[in-house]
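Before any comments, here is the structure.
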Amino acid sequence: MRKIITSLALLSIGIVGYAQDTPPTGRVGINTTTPRGTLEIVAPRNDRKELLDTTNHGIVVPSLTKAEVASLTAPVNGTLVFIKDASGTASTTKSNTTNVLGNGFYYYVATGENEGTWASSGSTYSNGTNGVSVNVDAPLSKVNIIKYAARAYGDWIDNLNTNIDSDRYDMSVLSAVLLGAEIDFNHTGPGEVPKISAFTQDDKKWHIKADFDSFNTKDGRNGTWVFYVMVTPKGTIKYIETTTSEGASNTHNISDGLPDEFKRK
């Protein structure tokens, strides 16, 4: 039995038409007679394929506050809500809202390692100014490049708190440059190459350290470090090591160790 619902508004009063399938598919279509999935919703259009109405289209899911989500006593796997207010203290009950860090869509995870939590397609994190905090709400993709800029003490930053959750995200520093100050290289040593590192602390956040070890800026001027970091959800980065090309040459062609899926066919 393929059921056809001609308007979302009619969901509460019944189905106004249906089409018989052989065999029955059990699929439901809204504004379509040929649903391509368990449920397919198509925007209503006229014969010229124009929208019948331009007020609004799309699926509107329940909009709740974080406190209201935390009060749910029996959410089931895959429950979808839109959290309109993420303020307040997180709940660690059956409806655990620890991961609710900003407004947006969240779905309930009832099994596995994250059982009892609400997962989001986005995240709330902070972008540092002078190494501290300006809050930024933005959805995270599989690969995210984030810029940080912070005034150093000379050339030295011992701890820039990125406010990125180290339990849920991996972070790597792609590049770093010191602007606005010149290093006084009055002797030679390994410090001519800056030490840049990303590390975690007990606060479960990523931090950055930067310094030209054993060197100072000329005139004691305070420079500004600019960092570009790559942030990815845990488990999405795969490390692959290719075979070292040993022959001394100014050209190399390396393929040993590279999976075939990366090679141009």
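If you take the residues in the range 82-102 that are under 24 Å from Gly58 (Cβ atoms) and among the hydrophobic types (A, V, I, L, M, F, W, C), which one is surrounded by the fewest Cβ atoms within 10 Å (Cβ to Cβ)?
Phe82
Quick one: would you say Thr217 is among the hydroxyl-bearing types (Ser, Thr, Tyr) and more than 15 Å from Asp158 (Cα to Cα)? Before you say what the answer is, go through the steps one by one.
Working: among the hydroxyl-bearing types (Ser, Thr, Tyr): yes; more than 15 Å from Asp158 (Cα to Cα): yes.
So Thr217 passes the test.
Looking only at the range 60-78, decide whether some residue is of a type in the set (S, T, N, Q), farther than 27 Å from Trp118 by Cβ and either free of Cβ contacts under 8 Å to residues at least 24 places away in the same chain or surrounded by fewer than 17 Cβ atoms within 10 Å (Cβ to Cβ) (or both). Write out each step before concluding.
To start, the set of residues in the range 60-78 that are of a type in the set (S, T, N, Q) comprises 63, 65, 71, 73, 77.
Now narrow it down to the ones that are farther than 27 Å from Trp118 by Cβ: none.
Within the range 60-78, not a single residue is of a type in the set (S, T, N, Q), farther than 27 Å from Trp118 by Cβ and either free of Cβ contacts under 8 Å to residues at least 24 places away in the same chain or surrounded by fewer than 17 Cβ atoms within 10 Å (Cβ to Cβ) (or both).
In the range 44-59, which residue that is free of Cβ contacts under 8 Å to residues at least 24 places away in the same chain and touching a strand residue (DSSP E or B) at 6+ places or on another chain (Cβ under 8 Å) is surrounded by the most Cβ atoms within 10 Å (Cβ to Cβ)?
His57
If you go through the range 223-257 one residue at a time, how many are out of contact with any Gly (no Cβ under 8 Å at 6 or more places or on another chain) and more than 26 Å from Asn161 (Cα to Cα)? Spell out the reasoning first.
So the first thing to find is which residues in the range 223-257 are out of contact with any Gly (no Cβ under 8 Å at 6 or more places or on another chain), and the list is 225-239, 244-257.
Restricting the remaining residues to those that are more than 26 Å from Asn161 (Cα to Cα) gives 244-257.
Looking only at that region, the number is 14.
If I ask for residues that are of a type in the set (Phe, Trp, Tyr) and exposed (fewer than 13 other Cβ atoms within 10 Å of the Cβ), which ones from the range 203-225 would you list?
Residues satisfying the conditions do not exist here.
How about the range 226-254: which of its residues are more than 32 Å from the chain's Cα centre (by Cα) and loosely packed, with under 12 Cβ neighbours inside 10 Å? Walk me through how you get there before you give the answer.
Our first condition is that a residue be more than 32 Å from the chain's Cα centre (by Cα); within the range 226-254, this holds for 243-254.
Thr243, Thr244, Glu246, Gly247, Ala248, Ser249, Asn250, Thr251, His252, Asn253, Ile254 - these are the residues of the range 226-254 that are more than 32 Å from the chain's Cα centre (by Cα) and loosely packed, with under 12 Cβ neighbours inside 10 Å.
No lab work stands behind these numbers, since they all come straight from the coordinates. Quantities reported herein were computed from a predicted structural model and do not represent experimental measurements. No Cβ is skipped: glycine too gets one built from the backbone with ideal geometry, and neighbour counts run over all protein chains shown.
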